[in-house]
Amino acid sequence: MSLSKELLVRSENKCELCGANENLNAFEIAPSTENIVACATCIDQIENEENVDANHWRCLNDSMWSQVPAVQVMAWRMLTRLRSEGWPQDLLDMLYLDDETLTWAKATGVGEETSNKVIHRDSNGVILEAGDSVVLIKDLPVKGSSMVAKRGTAVRRISLDHENEEYIEGKVDGQQIVIITKFVKKIG
């Protein structure tokens, strides 16, 4: 990718993220076709998460204030990716992006919380989703009744407890019951 004169003038011949003035390239900010000027170090760390040096990105303290939306988007994405370091969260709290720019920044899925998502797994570790069918792998007495849900019973169209990964719900013999996930196996 060659750098256009317009990009070089705008960036003052330096990386718009860290300020380096060597190994500069145009870097496209997906999903748009807008480019920023970035050095080889920044591009490598953006594209390869395993190469990220959090201290390198302290430069965003300055570049996040750029008037160029594409630079703001990249600053937001890197700060979001590094937020567990502590200091990036402080910068994110100060960073203001208008609605359109924030939508662009979030377009690649950076920043979506996956660590807080409750994931239900059956006795074999297979992920369960709402609407799945499971089979009981053990006779289960149903609390509050004399009923016993027998081993081998199929439970169709389960629903998930969104607060506890160990609980699902389903109908057994016409009665809606809560079932502990370690006692079921996903079928079909």
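The values are calculated or read from the model by the stated rules, or taken from the named source; none is laboratory data. From a predicted model like this one, the values you see are computed outputs, not experimental measurements. Because the Cβ atoms are built from the backbone with ideal geometry, glycine has one as well, and the counts that use them run over all protein chains shown. To get the accessible areas, we keep the full protein, side chains included, count just its heavy atoms, and leave off ligands, DNA and RNA. Shrake-Rupley method; radii C 1.70, N 1.55, O 1.52, S 1.80 Å.
Things to note:
- Here residue 46 does not qualify as not in a helix (DSSP H, G or I) and not basic (Lys, Arg).
- Checked against the criterion of being hydroxyl-bearing (Ser, Thr, Tyr) and under 23 Å from the mean Cα position of the chain (by Cα), the range 139-154 contains not a single residue that satisfies it.
- Subset tally (residues that are over 17 Å from residue 101 (Cβ atoms), among the aliphatic types (A, V, I, L, M) and either open to solvent by 40 Å² or more (accessible area, probe 1.4 Å) or in a loop (DSSP other than H, G, I, E, B) (or both)) for the range 5-42: 4
- Residue tally, condition in contact with a Pro (Cβ under 6 Å, 6 or more places away or on another chain), surrounded by 15 or more Cβ atoms within 10 Å (Cβ to Cβ) and not in a helix (DSSP H, G or I), over the range 87-112: 0
- Those residues of the range 53-86 which are surrounded by fewer than 20 Cβ atoms within 10 Å (Cβ to Cβ), over 18 Å from residue 107 (Cα atoms), under 20 Å from the mean Cα position of the chain (by Cα) and at pLDDT 90 or above, in sequence order: 53, 54
- Top-ranked residue of the range 168-180 - restricted to ones that are open to solvent by 80 Å² or more (accessible area, probe 1.4 Å) and of a type outside the set (S, T, N, Q), ranked as nearest to the chain's Cα centre (by Cα): 178
- The range 81-106 residues that are touching a residue at least 40 places away in the same chain (Cβ under 8 Å) and at negative phi, paired with ones that are open to solvent by less than 20 Å² (accessible area, probe 1.4 Å) and in a helix (DSSP H, G or I) (beta carbon under 8 Å, 6 or more apart): 104/73
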